[in-house]
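A short write-up of the structure that comes next.
The values are calculated or read from the model by the stated rules, or taken from the named source; none is laboratory data. All figures in this text were calculated on a predicted structure; none of them were measured in a lab. Neighbour counts run over all protein chains shown; Cβ positions are idealised from the backbone, glycine included. When the accessible area is computed, the model is the full protein with side chains, heavy atoms only, and any ligands, DNA or RNA have been set aside. Shrake-Rupley method; radii C 1.70, N 1.55, O 1.52, S 1.80 Å.
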Amino acid sequence: MSLYLGLDSSTQSLTAVVIEVERALRRVVWQASIRFDQHLPQYGTRNGVLAGDDPLVAHSPPLVWADALDTLLAKLSSERAIDLSRLRAVAGSGQQHGSVYLDASAAAVLANLDASRPLVAQIPGIFARETSPIWMDSSTGAECAEIEAAVGGPQALGELTGSKAFERFTGPQIRKFWKSSPDAYARSDRIHLVSSFMATLLAGKHAPIDPGDGAGMNLMDLAGKFWAPAALEATAPGLLAKLPELRESWSIVGPIAPYWVKRHGFSSSTRVVAWSGDNPCSLIGVGLVEPGLVAISLGTSDTLFGYLPYARVDPAAEGHAFGAPTGDYMSLICFKNGSLARERIRERHGLDWAGFSAALRRTRPGNGACVLLPWFEPEITPHVDRAGVRRYGLDEDDADANVRAVIEGQMMTMSNHSRWMGVARKSIYATGGASCNREILRVMADVFDADVYQFEVGNSAALGAALRAFHADEVAAGRQPGWKEVVREFAEPVLESRIVPEASTVRVYRDLQDAYAACERHALGIGEDPAPALRRFGEIHGAK
Ligand code: XUL
């Protein structure tokens with residue numbers, strides 16, 4: 001019986017999913033999570049991020065990710081839940097865009113770790129930069145403009161790399177680092193993504209970057225899947241020599257390093273597979289290995305994504321084309337104000353999740369023409385660089401109305417800003433932490449006019465990583481398993497979970513779409529007062 005481990009190094013936690021794959025039996029055998037704030041409080045993170053003075057800056061300590069890896073693998077081994085000698089391969093998923101800067105000592109230190117001492121006691125000296133900018137950082141507006149100008153404009157950069165310049169993308173972050181700390185940049189021997197850094201720790205040697213995560217850097221030629229010279233040149237001097245290799249998602253980095261074998265009892269034949277981004281891994285974890293469906297992940301960020309057989313770039317330049325772990329492509333659009341916005345409303349009104357759901361049940365679709373734009377943090381889509389929640393016709397103290405408004409606002413904005421993807425949205429696969437909440441998914445079904453399905457394993461990124469480990473191990477053994485066969489039985493939605501849209505509510509949301517878009521344009525400073533549009537909506541569907 002073969003076992004495969006998938007790890008998901010996300011913003012707030014590290015999660016493991018172990019799967020067992022046999023011809024007749026396919027099942028998840030172990031799952032566990034380490035939450036950074038709660039289990040490793042000594043790093044001082046809040047929701048996985050370090051506090052700072054500048055609201056546009058978001059950094060995390062890479063040591064917390066390394067510590068979580070040691071802690072989680074110790075748990076896997078000590079619980080004796082699985083027979084580690086049967087673990088054939090491990091792959092992983094990392095929050096996208098975040099970068100880790102290692103100096104020239106890293107390779108030797110990681111290859112010679114002492115198994116009698118914790119990992120984090122041995123690696124503080126390998127970093128050329130103590131903290132890592134992560135995807136929530138939006139402090140690189142100037143660098144985005146400079147990079148776009150150098151390659152011939154946003155459209156040209158989008159066509160080359162799959163996205164125009166985005167503040168959280170790794171290239172603009174590297175450029176900012178080079179400009180502000182040229183000496184530390186010069187000392188950076190290797191610049192990893194979160195994904196390739198974690199794979200490096202497991203393999204004890206520098207791991208490659210895959211095209212799924214590589215496309216989130218504004219540095220990779222999307223069509224050719226190689227580092228794009230024009231983008232590198234526009235970003236920082238000498239960058240090519242500092243980047244890991246780009247290799248296919250099913251590449252084997254090597255056997256697991258002796259540290260993990262001696263310290264936690266892993267088998268020295270366990271293979272480490274290249275890691276990818278969390279969204280590319282989720283694509284596999286929800287079984288989107290052919291065109292025609294979209295998934296929505298409700299996590300720290302909310303993302304909407306779909307498989308693409310070819311690279312299709314967003315003409316409105318709000319979204320992205322990434323590589324997919326199948327070797328093809330995926331489209332994605334990201335909303336920063338996901339779970340943290342839902343939690344802010346929940347906490348502000350003293351509700352638990354049951355109370356939050358009850359408020360959704362008590363309130364009417366359309367919310368009596370009360371609208372909320374949930375920009376608790378600067379937003380990625382639409383681009384908002386100054387945080388500030390905007391309310392239209394909505395009393396800040398009305399708990400029920402604010403609960404419905406935040407969910408309707410999130411679903412409206414996802415629906416409106418994802419039309420460019422040009423994929424059918426008749427069925428939506430819901431994943432991520434909040435996808436267990438059926439009241440939230442009811443709003444999703446009605447706003448998108450689509451059937452919505454849930455999955456048994458909520459963490460599709462970790463499951464997708466485990467499935468990728470299985471796939472890569474098969475490829476390494478000389479077999480070529482089809483992706484439908486790889487995901488069979490694991491990444492299939494629970495059919496009985498289907499939520500069907502209600503025709504009368506779909507009509508309400510169709511009418512709200514214009515009023516919502518008017519609020520958004522007004523809040524962005526590019527549109528008129530939306531009061532008349534909201535009044536018209538209220539006259540038809542009822543006002544507060
Ligand atoms: C995607 C994005 C986020 C991160 C965090 O572009 O920025 O979804 O991957 O999980």
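Do we have Trp135 as among the hydrophobic types (A, V, I, L, M, F, W, C), within 20 Å of Ala32 (Cα to Cα) and crowded, with 21+ Cβ neighbours inside 10 Å here? Steps first, answer last, please.
Values: among the hydrophobic types (A, V, I, L, M, F, W, C): yes; within 20 Å of Ala32 (Cα to Cα): no; crowded, with 21+ Cβ neighbours inside 10 Å: yes.
No: the conditions fail for Trp135.
Residue count for segment 89-103 under the criterion of being in contact with a Lys or Arg (Cβ under 6 Å, 6 or more places away or on another chain) and either open to solvent by 10 Å² or more (accessible area, probe 1.4 Å) or within 8 Å of the ligand (Cβ to nearest atom) (or both): the result is 2.
Taking segment 45-70 as the search range and keeping residues that are assigned to a loop (DSSP other than H, G, I, E, B) and free of Cβ contacts under 8 Å to residues at least 12 places away in the same chain, which one is surrounded by the fewest Cβ atoms within 10 Å (Cβ to Cβ)? Lay out the reasoning, then the answer.
Step one: filter segment 45-70 for residues assigned to a loop (DSSP other than H, G, I, E, B), giving 47-48, 51-58, 61.
Pick out the ones that are also free of Cβ contacts under 8 Å to residues at least 12 places away in the same chain and you get 51-53.
Numbers: Ala51: 8, Gly52: 12, Asp53: 5.
Only one residue fits best here, namely Asp53.
Within segment 212-243, the residues that satisfy the criterion of being within 16 Å of the ligand (Cβ to nearest atom) and farther than 15 Å from Val151 by Cβ are Gly212, Asp213, Gly214, Ala215, Gly216.
Annotation note: Cβ proximity below 7 Å between a residue of segment 271-283 that is closer than 10 Å to Gln95 by Cα and a residue that is among the hydroxyl-bearing types (Ser, Thr, Tyr) (sequence gap 6+ or interchain) occurs for Ser276/Ser93; Ser276/Ser195; Ser276/Ser249; Gly277/Ser93; Gly277/Ser195; Asp278/Ser10; Asp278/Ser93; Asn279/Thr303.
Scanning segment 334-377 for residues that are within 22 Å of His522 (Cα to Cα) and under 22 Å from the mean Cα position of the chain (by Cα) gives Cys334, Phe335, Lys336, Asn337, Gly338, Ala341, Leu373, Pro374, Trp375, Phe376, Glu377. For segment 131-170, the set of residues classified as away from the ligand (no atom under 16 Å from the Cβ), under 22 Å from the mean Cα position of the chain (by Cα) and among the β-branched types (Val, Ile, Thr) consists of Thr131 only.
Restricted to segment 259-285, and to residues there that are part of a strand (DSSP E or B), crowded, with 24+ Cβ neighbours inside 10 Å and of a type outside the set (A, V, I, L, M), the residue that is farthest from the ligand (Cβ to nearest atom) is Ser276.
On the given criteria, is Glu290 of a type in the set (Asp, Glu), at pLDDT 95 or above and surrounded by fewer than 18 Cβ atoms within 10 Å (Cβ to Cβ)?
In short, no.
When segment 2-28 is filtered for residues that are over 21 Å from Ile256 (Cα atoms), open to solvent by 20 Å² or more (accessible area, probe 1.4 Å) and assigned to a strand (DSSP E or B), the ones remaining, listed by number, are Arg26, Arg27, Val28.
Scanning segment 14-36 for residues that are at pLDDT 95 or above and over 15 Å from Val457 (Cβ atoms) returns Leu14, Ile34, Arg35, Phe36. Going by what's in this entry, would Asn402 be described as within 15 Å of the ligand (Cβ to nearest atom) and within 21 Å of Cys519 (Cβ to Cβ)? Here the answer is no, as Asn402 does not meet what is asked. Across segment 1-28, the qualifying residues are those that are under 24 Å from the mean Cα position of the chain (by Cα) and among the hydrophobic types (A, V, I, L, M, F, W, C), and the one among them that is nearest to Ala68 (Cα to Cα) is Leu14.
For a quick check of your reading: which strands (runs of 3 or more DSSP E) sit entirely within segment 286-391 and have at least 2 residues that are more than 12 Å from the ligand (Cβ to nearest atom) and touching a Pro at 6+ places or on another chain (Cβ under 9 Å)? Let's see the steps before the verdict.
Details: elements: 294-298, 302-308, 320-323, 329-335, 371-373.
Ranges flagged: 302-308.
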